[in-house]
Every structure is written in C-alpha cells, then in structure tokens.
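Peer 1: Below is a structure I'd like to ask you about.
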Amino acid sequence: MYALFVYYIDRIFIKLFVFFFLHGGVGMRISVKFGVAEKESVEVIVISLFENVRKIPSELDPLNKALGGVITNLLQNKDFTGKLNETIMIPTYKKSVPKRILLVGLGKATELSSDKIRQAAGTATRIIQEKKFKNPLMLLYKTEYKGISIEDVTRTVVEGVILSLYNFTIYKTLKKEDKTTINNFTLIVQKKDVLAKIKSAVKNTQIVAEAVCFTRDIVNMSGSDATPTFLANKAKEIAKKSGIKCRTLSRPDMKKLGMGGILNVSRGSSQPPKFIILEYNTKKRNNETIVIIGKGVTFDSGGISLKPGKDMDLMKADMAGAAAVLGTFKAISNLKPSTHLVGLVPCTENMPGGSALKPGDIIKYMSGKTVEILNTDAEGRLILADAIIYAKRYKPDAVIDIATLTGACVAALGTFTSGMLGNNDELKVRVKQAGEKCHERVWELPLWDEYYELIKSSIADIKNTGGQYAGTITAACFLGEFVENFPWVHLDIAGTFLVEKDTPYIRKGATGVGVRLLTQLILDWKKLPDARKKRKK
Ligand code: BES
Ligand code: MN
Ligand code: ZN
C-alpha cells in the first residue's frame, strides 16, 4: 500500500516536472554581428579551417599577425591539420584579442559538404559547453565556402550549434555545474553586406532546430509518460500557441467512423487511444493540400505476438513518426508557408491483455476492406491505414506518412538512411531532394505489383504480414492498399529514429528525424506536374 502510494506520488512529480520543463528549446540566444576578429576581447572565438592548408586564408591574416603568427606555426608544425572535427584550443591570454581561439577542422576543401559544416559546428559547440564558456563567438570569415552560400553555411552552423547542445535531462537530477552555460552564441562576420542574409537564415533555422529538439524530447520520454493522451495534449498546446486547428478523436468517435485499425490495436491497452488531427492554414483550403501522417505507437510490446525482452525498451520510441509530425507543425506554424497542411496522428499502445487483438482475428476498415491478423506486432501499418483512409476527405495533393515501421528496413539500409516507397515519381524526387538538402537522407525501395501478391489472404482481403522477405516493401504494400488516387510517399524511419552513441550533433537517443525533411519539403512545395496519379493494379 505504502509502495503504491510512493509510486503514485512519484508519477505525479514526474508529470509535473515534465509539464514545466519540456520546452523543446535550448534556452540560448544566437546573434549575428559585424566585427573584426582580432579586436574582440572575448573568452573564446571559433575558427574553422580546411585540411592541409599550406597558407591560412587571407581573411585570417590580421588575426594571425595580432597573435604573433600562432596559427601559421600550428599548421606548419602539423599540430593542427584540419581533419574533420579535429580541434585545438589556443590560449592567447592577451587583453585586446580573443582570450582563446578554438580551431576546428572541416576536412579537405574539395570534399566539403554542408553536413561537414554542421558536424564541425557541433563539435566546437560541445567543447565550448564542456569548458562552460558563456558568450562564445564563431567567425564566418568567408562569404561563400566552396560553392556553399553564406545562407546555407549559416543554416548548417546554427543547426550544428543548437542540435549538439540538446541533451535529454528531464529525468535526471542535475547538479548546478551540469547545466548549460552558454547564454549568447554570436556569429561574427567581417563584411557588412552579408549581415541581413545571415540574420534571416539564423531566425528560420532556429525555429526548425528547436522543433527538432522538441521532437527529440517527446521521443526520448518513457512510454508511461508519453502516452496517447500526452501526445494529444502536446498537439493541442502547439495549436493553441500558433493559432492552428487541432481536434482529437477518442474511442467513441473512432467507433462512429469505423476506424478498424486503431480500435483493434488499442484493445489490449489500458491507455485510451487518440487520433490527432492538426490543420494549418484552414482558411487557405484551396491552396495545395499536403497531409502528413505519423505512427504514434507510444509503446510497442508486440501485443500477443510479444517481442523478446532484449531492446524492448526502445519501443517507447515507436511514436517517433508521430513526434516528427508534431515537430513539423511546430516549425511550419512559425515559418508560415502558403500550403494547406493537415497532420493525422493515430496514437495508441500495443499491449497484450485479456481483450487484446489476437493472431487469426479479422478486422474491418471504414473503407470496407478486411484484414487477417497474422502477427499483432505488425501494428503500425494497421493504425496508419485508418489515417490514410481518413486523408482522402481532404482531397490531398500529396500524402506523406512517416513511421518506425519495420526492423527489415534497418537490415536493408542501416541506421543513417530512411526507406522511401511511394506511387508518384515526382513526389519521390522531391522527398529525396529535401532529404539531401537537410541531410536526412532517404533511399527508395521498389513497390512493384508482384510484391502486392505477398499480402493477399485466403480468408480476408489482405493480411498484415508478407512473409519472410522484403518486410519493408510488404509493409508499404499494406499501406498502398488503402491509398486512393493521390500521390503518396511512405517513409520508414525504423533505422534512423535514434542513434546508439553520441555523434557530433546528435547525442545518444532520439534524432528527431523527419522534422527537418518534412519542413524542407513543405517550404519548397510547388504543384506536382501530374498530380493524382493512381498505382496501376
Ligand atoms: N515498431 C516495430 C518496428 C521497429 C523495429 C522499429 C525496430 C524500430 C526498430 C514494428 O511495429 C514491428 O514490430 N514490426 C515487425 C513487423 C513484423 C512482425 C512483420 C518487425 O519489423 O519485425
Ligand atoms: Mn510492432
Ligand atoms: Zn511498432
């Protein structure tokens, strides 16, 4: 009895804690200013350099001179070679110049990519944080880096800074000295004419990067805290702050509509399921309509087809697709593009229990289609199907779903590429390009008619598993069965939703994958040339 009391008090405390501290930002200002590096008497200035440069860039000459040639000395003696993410801290201890120079390597100039800039910015930021500096400067000494425009450089730098500072701490008892110390991170440029461009890039990127942190926070939370009801409340919170529309359907509404997937998957759980509907630009319904759908399984035990114990804890993050959709809405509602955007997020637990869905059961969808359940662990596709059917009422110009759907996707593509399948070539190209632009890359797998044969059932219209092979494809075929004549792309993020160890700008845990990609896709949106193409059957 006492233990139970303590348990509940504990839960209430965690809930309150989560309520007050889950803000999704890193609480730091990023500013931009014009200045001359050697005249800044700050605690630290970050300067990036390419690998194996014989001569330092001319823009750095005055600083190098002011420091008695220390940078050239370091390079000549190979104490710093400029390899990607290599760093060295140079103390100067002089009054009129920066107190320390933090050099960070960008790798070979000929191999520069925007992700390398993001990594280098992240690496430098982590060091600054570890050393507890409060007001660092970062020098952008060129107006273009090897064909990458100053705006794009700024964007990736700001992402690197904010994303690398993200740390999931809501369940940790933090000591005072563990807290983030950076107050103001300043980008400094030595030319005035680029200032305006950089400022607007900073503002927009900060919005996106903080949305990624928001998504990471909810993906990292425990399954018992980030429940369907919690996600529904988060969606309402986002909507309230930004004036977008939000509705959530509960079990009775789902029953009225005949949402066979989510109603059946939620049968074994004591958490009520929620179907979240977000709508941005409700007054511009005639504009291009994009529907984004996210899988919100807040804990996937497998259900009666129970998963093995090893790594089952990771299945608290089986709502990473849902969280990506919420994060995208957070970003979009601040960036204000002209598209009409709808978010559909079916949320439920997948649990075993006396009333749980069983292998062998037949379920029926609102479209009339029947499905034979062979494995209750193939639950994601079941709830996504409800959302795909629901999407039709918006007469969408494009539908994109994002889901931690299949272990097979991790086997096929590994952990830094998401799977992409769909019915419209132009939409797939767009998604691929958006992914490359923000370095959330996707790779296509085929959805040929032969694969659809693998999910035919002898006693129902289709079945929810497709056998031993091509698991990612047969899962997508299942979804494809519910797609009507609208362009559709499915993203499988089972390999990319988390990282197992720290990387330069993502700490172990949730990556927030999807937010940057979906936001980019929506910001770049143009009418599709041959919209509403149907998959040949
Ligand atoms: N959520 C899992 C997929 C998953 C696995 C995501 C690992 C991230 C990491 C999904 O619901 C699932 O269990 N899929 C099964 C499908 C199978 C039963 C047909 C799988 O991939 O094993
Ligand atoms: Mn599952
Ligand atoms: Zn799942």
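Every number here is computed from the coordinates shown, using simple stated rules; none is lab data. The structure displayed is predicted, hence computed values, not measured ones. Virtual Cβ from ideal backbone geometry, glycine too; neighbours counted across all protein chains shown.
Peer 1: Could you calculate, for the stretch 221-523, the ratio of the Cα radius of gyration to the Kirkwood radius, expressed as Rg to Rh?
Peer 2: 0.93
Peer 1: Considering the Cα trace of the stretch 418-463, what is its radius of gyration and what is Dmax, both in angstroms?
Peer 2: Every Cα atom of the stretch 418-463 included, Rg and Dmax give 14.5, 46 Å.
Peer 1: Compactness ratio of the stretch 446-537: Cα Rg over 2.2 N^0.38 Å, N = residue count?
Peer 2: For the stretch 446-537, the normalised Cα radius of gyration is 1.39.
Peer 1: Pairing the Cα long axis of helix 471-480 with the longest principal axis of the chain, what angle in degrees results, from 0 to 90 and rounded to the nearest 10?
Peer 2: 70 degrees
Peer 1: Another question about this same structure. Going highest first, how would you order 74-85, 343-354, 392-403 by mean Cβ packing within 10 Å?
Peer 2: My ranking of the peptides, most packed first, is 343-354, 392-403, 74-85.
Peer 1: Can I ask one more? Using only alpha carbon positions, build the gyration tensor of the stretch 104-242, then give the equivalent ellipsoid semi-axes as the square roots of 5 times its eigenvalues, largest first, whole angstrom.
Peer 2: 31, 19, 14
Peer 1: Taking just the alpha carbons, could you work out the radius of gyration and Dmax for the stretch 182-317, both in angstroms?
Peer 2: 20.2, 64
Peer 1: Now, a different point. What are the ³J(HN,Hα) couplings of the stretch 188-196, residue after residue, when phi is run through the Karplus curve with 6.51, -1.76, 1.60 and θ = phi - 60°? Round to Hz, x for glycine and proline.
Peer 2: 10, 10, 9, 10, 6, 5, 9, 4, 5
Peer 1: When 1/r is averaged over all different Cα pairs and the result inverted, which Kirkwood radius in Å belongs to the chain?
Peer 2: For the chain, the Kirkwood estimate is 24.5 Å.
Peer 1: How long are the three semi-axes of the equivalent ellipsoid of the stretch 156-230, in whole Å, if each is the root of 5 times an eigenvalue of the C-alpha gyration tensor, listed from largest down?
Peer 2: Over the Cα atoms of the stretch 156-230, the semi-axes work out to 31, 17, 7 Å.
Peer 1: Find the percent of Cα-Cα distances in the stretch 29-211 that exceed 19 Å, and round it to a whole number.
Peer 2: Tail of the P(r) past 19 Å holds 56 percent of the pairs.
Peer 1: Roughly how many whole Å is it from the C-alpha centroid of the stretch 380-419 to that of the stretch 130-156?
Peer 2: When both Cα centres are located, 36 Å separates them.
Peer 1: Another question, then. In Å, the Kirkwood hydrodynamic radius of the stretch 312-390 over pairs of distinct alpha carbons?
Peer 2: About 14.9 Å for the stretch 312-390.
Peer 1: For ASP253 and THR169 in one chain, what is 0.36 nm times their gap in residues minus the Cα-Cα distance, to one decimal in nm?
Peer 2: Gain in length upon complete extension: 26.6 nm.
Peer 1: To the nearest 10 degrees, how steep is helix 320-335 against the longest Cα principal axis of the chain, on a 0 to 90 scale?
Peer 2: Tilt relative to the chain: about 60 degrees.
Peer 1: Using the reciprocal of the averaged 1/r over all distinct C-alpha pairs, how large is the Kirkwood radius of the stretch 289-338 in Å?
Peer 2: Computed over Cα pairs of the stretch 289-338, the Kirkwood hydrodynamic radius comes out at 12.6 Å.
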